[in-house]
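Visitor: Got a structure here, written out as structure tokens. Questions coming.
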Amino acid sequence: MPDRRLLFLAGLFAVSCGLYLLWGLQGRIWFILELRGIKLAGLCVVGAAIGIATVLFQTLSGNRILTPAIMGFDALFLLMQTSVVFFLGGFNYAGLPGPFLFAMNTVVMVCAAVLLFGALFRRSRNDIQLMILVGVIFGLLFRSLTGFMQRLIDPSEFAIVQGTMFASFGGINRTELIAASILLGMLSIWVWRQLPLLDVMALGRGPARHLGVDYDRHQFQLLCAIAAFVAISTALVGPITFLGLLVSALAHALMRTHRHVHLLPAAALIAIIILVLGQGAFERLMRLQSTLAVVIEFVGGLLFLVLLAKGKIR
Amino acid sequence: MAVRKHPYITTLCVLLILSGVSIFIGVGSLSWDNPNAMQVLMISRLPRTAAVLLTGASIAVVGVIMQLLVRNRFVEPSTTGTTEAAMLGLLAVAILAPGWPIIAKMVVASLASLLGILGFFFLTRRLPPQQPLLIPLVGLIYGGILGAAATFVAFQADMIQFLGIWMTGEFSGILAGRYELLWLAGGLAVIAYFTADQFTVAGLGRSASLSLGLPYGQVLALGIVTVAVVSALVVVTVGMLPFIGLVVPNIVSRLMGDNLRESLPVVAGMGAGLVLLSDIIGRVARYPYEIPAGTVFGVIGACIFLWLLLGRKSYA
Amino acid sequence: MISVNGLSHTIGPAKILDDINLQIAPGGVTALIGPNGAGKSTLLSVVSRQVPAQSGEVSLDGADMKRIDHAALALRMAVVAQDVGVASRLRIRDLVGFGRWPHAKGKPSPKDADIVAQALAQFDLTALADRFLDEVSGGQRQRAFVAMAYAQDTDWLLLDEPLNNLDLRHARRLMSELRNLAQNAGKSILIVLHDLNYAISWADHIIALKDGRVAFAGETQDVMTSRTLSALYETDVSVMAKDGKTFVWHHN
């Protein structure tokens with residue numbers, strides 16, 4: 001039975017996509033529609049990836065404040081991407097085909113995330129606060145290391161890859177988009193089959209194990225999936241720190257349930273709606289370019305502080 | 001460890017060696033047969049080394065003060081929005097009154113970072129006291145919000161490159177005549193040393209301070225103003241240098257405890273030394289290009305901090 | 001039958017369990033007692049496989065616990081741990097419903113729903129069933145976790161200090177329900193208890209731990225004496241009888 005609130009979100013989603021495609025359409029209609037269509041597809045893929053990754057991560061960490069972005073997953077992806085450029089050299093990197101690069105970056109990202117965060121999860125299983133702090137420091141470390149390596153790369157080689165490395169809402173790469181959509185589709189199907197299991201895992205490691213769930217194995221799998229979702233969104237538009245937080249807070253507030261069969265679609269839809277409406281408003285109403293991430297950062301962070309001060313997040 | 005037995009002498013020796021290295025590294029050679037050697041020394045090398053030392057020392061000292069005032073080991077101005085607030089102030093002056101003298105800009109930046117700290121204090125008061133690690137997290141998010149606001153404003157006013165300069169602390173642009181404001185930061189650090197006892201007591205908390213007869217409000221105000229002014233000064237002259245105020249006080253506190261009267265000189269020395277080391281590494285690693293000292297220290301500092309956090313079972 | 005052979009466990013420098021050898025017979029209520037830090041909770045968590053055995057072996061009906069897979073174990077043994085925090089926002093009905101997970105794997109049948117309803121009624125939670133876990137009192141939350149383990153409907157039920165936070169009425173009711181399960185439904189119950197009076201009144205068997213070793217074990221009426229208990233707690237404790245009931249007295 002589709003939930004009423006989910007139907008409402010789906011309706012809103014359809015309306016915002018329609019608005020984005022059709023508002024102010026004039027001139028070379030088909031050309032513009034194609035451009036907008038690609039952008040819209042990109043926003044949908046990114047929104048779904050961020051929404052799902054955040055909810056999954058919060059289920060794993062047993063905590064509503066943590067998001068992959070706050071824990072430095074985005075920064076890790078950029079670092080891994082930079083390392084790949086560093087070790088291959090800029091010319092070799094730029095010469096590789098797009099989908100292959102995307103696949104390679106994703107694989108490297110998943111391995112690194114499992115190594116680092118798997119160890120962190122084992123280490124600080126009983127100490128959420130320690131985990132948060134270490135994750136945040138991870139983020140800062142990854143960012144500094146990325147900056148460090150970028151300076152080590154030959155400036156002329158760096159110029160070649162700069163465009164492919166730093167994406168934005170403005171220029172979504174078409175081949176990457178296709179590769180990302182395929183990966184997103186496969187991951188979503190996998191997650192869909194885990195839905196009831198996720199509800200049990202949300203109880204925490206102890207209770208889930210008592211109920212016969214091989215928690216550690218599933219945690220490992222989920223961590224891989226989360227890393228891949230983050231790779232998808234970061235490869236397409238770069239890091240957006242607080243969107244996940246905003247989205248999961250809204251999804252939980254709206255759905256008021258623990259059931260992932262409702263939470264995950266809601267989070268994905270909300271993220272897409274925010275991105276599409278936001279980007280639409282930016283492009284058409286305010287005639288601004290590529291600062292949507294900044295505004296989401298501002299609003300998402302503010303919402304987080306308000307929730308915290310009101311004691312809604314513990 | 002030698003630091004534990006003779007903290008002052010060890011610190012001083014390390015600083016002298018590093019300063020020597022720093023003075024002799026650079027594109028222009030400093031040998032007797034170079035006729036411009038004296039000029040290079042006076043205009044570029046000495047000012048640069050002095051700027052690094054002053055910055056590192058004052059940032060580390062300010063970090064300690066902030067930690068005592070918030071009563072949390074894991075905060076410092078650049079992770080609690082103070083630096084971002086200073087940037088917002090600078091942006092405002094640069095847009096509204098670009099012609100103002102540097103001193104006036106400084107005052108505005110200091111006022112803005114003061115507001116930033118006050119905002120952070122207001123937030124921390126509303127947090128549940130049983131979760132000490134929530135405070136640094138809130139600080140980071142608060143800083144992120146202010147940073148996003150600054151980015152937005154800078155983007156609209158087409159001043160992103162200024163923001164980039166303020167965000168990455170580096171010393172390559174330091175020449176005689178461009179860094180002297182930092183002496184003011186150094187002076188404030190010295191004043192902090194003379195009021196060290198009061199900060200130590202204030203770190204015990206409001207009720208403990210009042211029962212010991214300490215004017216808690218005044219000490220708090222003095223501390224906040226010091227933190228704000230030093231943060232603003234450093235942002236204006238060299239840019240943001242994260243982690244130093246966090247890492248150094250934590251290391252020193254593990255080595256010598258929390259009595260500021262004893263430990264503050266070592267904190268200042270170690271801060272200066274680590275920034276100097278980062279600056280030297282940044283200059284040597286990709287010679288003749290430079291890697292900003294802030295980036296180098298971001299890597300070193302994060303590693304040290306992770307070691308501090310994970311190396312001990314229950315720390316906070 | 002749970003058998004523990006040569007079990008030792010250290011946490012950091014501290015030896016928590018030191019060469020424990022035990023047989024816990026099926027059927028009946030077995031109470032684990034002992035002073036603070038004696039290793040009761042650690043023993044329970046090793047037996048319930050929350051913590052892997054460091055040295056020594058725990059077996060369930062002759063099979064090494066390490067070799068039983070998670071899903072199979074959950075059909076045979078339910079555990080109520082001490083102060084479990086649940087992060088997700090759950091209603092009590094949903095929490096108790098998770099007790100059916102090992103059987104239904106996320107596709108509950110009408111029979112599962114009946115068992116959940118019965119568990120809710122059994123532990124006086126029907127009226128609270130739609131409240132969120134973080135909106136009820138500590139004792140009510142505790143009862144919800146017990147009800148969840150009850151709904152799991154396993155032969156073995158392990159509880160770590162389940163009486164914490166419970167008022168007199170609900171504590172008594174829980175103990176009598178556990179006794180009833182043991183006597184009439186053939187369940188085996190292992191329970192960590194602090195209050196000696198609950199142990200002496202409701203348990204069939206006693207295992208007393210001290211400093212990580214078994215101090216004594218056996219039938220309740222045989223082993224619970226003034227002498228053994230005084231030695232166990234290093235405090236004057238008297239076991240008395242009044243109107244045909246035994247009870248433990250340790251105040252002045």
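Visitor: From the backbone phi of the stretch C:204-212, what are the Karplus-calculated ³J(HN,Hα) couplings (6.51 cos²θ - 1.76 cosθ + 1.60, θ = phi - 60°) in whole Hz, Gly and Pro given as x?
Guide: 8, 10, 10, 10, 10, 10, 8, 6, x
Visitor: OK, next. Averaged across the residues of C:144-157, what count of C-beta atoms belonging to other chains lies within 10 Å of each residue's C-beta?
Guide: Going residue by residue through C:144-157 and averaging, the value is 1.
Visitor: Moving on. In deg cm²/dmol and to the nearest 500, what is the mean residue ellipticity at 222 nm of the protein assembly as shown if only DSSP H runs of at least 4 residues count, each as -39500 (n - 2.57), divided by the residue total?
Guide: -20500 deg cm²/dmol
Visitor: For a quick check of your reading of the filter: which chymotrypsin sites (Phe, Trp or Tyr not before Pro) in the stretch B:186-294 sit in a DSSP loop and have no more than 13 other Cβ atoms within 10 Å?
Guide: Loop-located and lightly packed - B:TYR289.
Visitor: What is the sum of charges, Lys and Arg at +1 and Asp and Glu at -1, for the other residues whose Cβ falls under 12 Å from the Cβ of B:GLY173?
Guide: Counting the neighbours of B:GLY173, the net charge comes to 0.
Visitor: Still on this model: Shielding by partners for C:102-113, please: the mean number of other protein chain Cβ atoms within 10 Å of each residue's Cβ.
Guide: Average per residue, whole number: 2.
Visitor: Counting only C-alpha contacts under 8 Å and six or more residues apart, can you give the relative contact order of the stretch B:2-310 as a whole percent?
Guide: Result for the stretch B:2-310 is 31 percent.
Visitor: Within the stretch A:1-70, list the trypsin sites (Lys or Arg not before Pro) lying in a DSSP loop whose Cβ has at most 12 other Cβ atoms in a 10 Å radius.
Guide: A:ARG28
Visitor: Taking a ≥ b ≥ c as the square roots of the Cα gyration tensor eigenvalues, with a/c under 1.5 meaning rounded and otherwise prolate when a/b beats b/c, else oblate, which class fits the stretch A:1-150?
Guide: Oblate, since a/c reaches 1.5 and b/c is not below a/b.
Visitor: Moving to a separate point now. If packing is taken as the mean number of other Cβ atoms within 10 Å per residue, what is the order of A:193-200, A:48-55, highest first?
Guide: Averaged packing, sorted descending, gives the order A:48-55, A:193-200.
Visitor: Let me ask something else. Can you give the average number of partner chain beta-carbon atoms within 10 Å of each beta-carbon in peptide A:150-158, as a whole number?
Guide: 2
Visitor: Using packing as a proxy for protection, rank B:295-308, B:164-177, C:173-186, B:262-275 so that the peptide with the highest average count of other Cβ atoms within 10 Å comes first.
Guide: Packing proxy ranking, top to bottom: B:262-275, B:295-308, B:164-177, C:173-186.
Visitor: Given H placed 1.01 Å from N in the peptide plane, which residues other than close sequence neighbours of C:LEU32 have an amide H under 5 Å from its amide H?
Guide: C:ILE191, C:VAL192, C:LEU193, C:ILE207
Visitor: Rounded to whole Hz and in sequence order, give me ³J(HN,Hα) for the stretch A:193-200 from the Karplus expression 6.51 cos²θ - 1.76 cosθ + 1.60, θ = phi - 60°, writing x for Gly and Pro.
Guide: Per-residue couplings from phi come out as 6, 9, 3, x, 4, 4, 4, 5 Hz.
Visitor: Sticking with this structure for a sec: Using the 10 angstrom Cβ neighbour count as an exposure proxy, how do B:THR124, C:THR126 rank, fewest first?
Guide: C:THR126, B:THR124
Visitor: Express the C-alpha Rg of the stretch B:2-310 as a ratio against the empirical globular expectation 2.2 N^0.38 Å, rounded to two decimals.
Guide: 0.99
Visitor: Treating only the Cα positions of the stretch A:1-74 as identical point scatterers, give the base-10 log of I(q)/I(0) from the Debye formula at each q in 0.13, 0.18, 0.20, 0.27 Å⁻¹.
Guide: -0.59, -0.87, -0.93, -1.13
Visitor: What does the charge add up to near B:ALA51, with Lys and Arg as +1, Asp and Glu as -1, over the other residues with Cβ less than 10 Å from its Cβ?
Guide: Once all neighbours under 10 Å are counted, the net charge is 0.
Visitor: Now, a different point. What is the local net charge at A:LEU22, summed over the other residues whose Cβ is closer than 12 Å to its Cβ (Lys, Arg +1; Asp, Glu -1)?
Guide: Counting the neighbours of A:LEU22, the net charge comes to +2.
Visitor: I would also like to ask the following. Read phi for every residue in the stretch B:181-198 and hand back ³J(HN,Hα) as whole Hz from Karplus 6.51 cos²θ - 1.76 cosθ + 1.60, θ = phi - 60°, with x for Gly and Pro.
Guide: Values per residue, Gly and Pro as x: 4, 5, 4, 4, 4, x, x, 4, 4, 5, 4, 4, 4, 6, 9, 4, 4, 5 Hz.
Visitor: Could I ask something else about it? Give the range of the longest stretch in chain B that excludes all trypsin sites (Lys or Arg not before Pro) found in loop regions by DSSP and having at most 10 other beta-carbon atoms within 10 Å.
Guide: Formally, the longest exposed-site-free interval is B:1-311.
Visitor: Is the shape of the stretch A:226-291 rounded, prolate or oblate, going by the alpha carbon gyration tensor and its root eigenvalues a ≥ b ≥ c, with a/c under 1.5 for rounded and a/b larger than b/c for prolate?
Guide: Oblate, since a/c reaches 1.5 and b/c is not below a/b.
Visitor: Between the alpha-carbon centers of the stretch B:39-98 and the stretch B:232-267, tell me the distance in whole angstrom.
Guide: For the stretch B:39-98 versus the stretch B:232-267, the Cα centre distance is 11 Å.
Visitor: Treating only the Cβ of Lys, Arg, Asp and Glu as charged (+1, +1, -1, -1), what charge dipole size does chain B show about its Cα centre? Round to the nearest 20 debye.
Guide: 720
Visitor: Which distance in Å, rounded to a whole number, links the C-alpha centroids of the stretch A:93-107 and the stretch C:116-137?
Guide: 53
None of the figures in this text is laboratory data; all of them are computed from the coordinates on show. Only a predicted model underlies this, so the values are computations on that prediction, with no experimental measurement involved. All Cβ positions, even for glycine, are placed from backbone atoms using ideal geometry, and neighbour counts span all protein chains on display.
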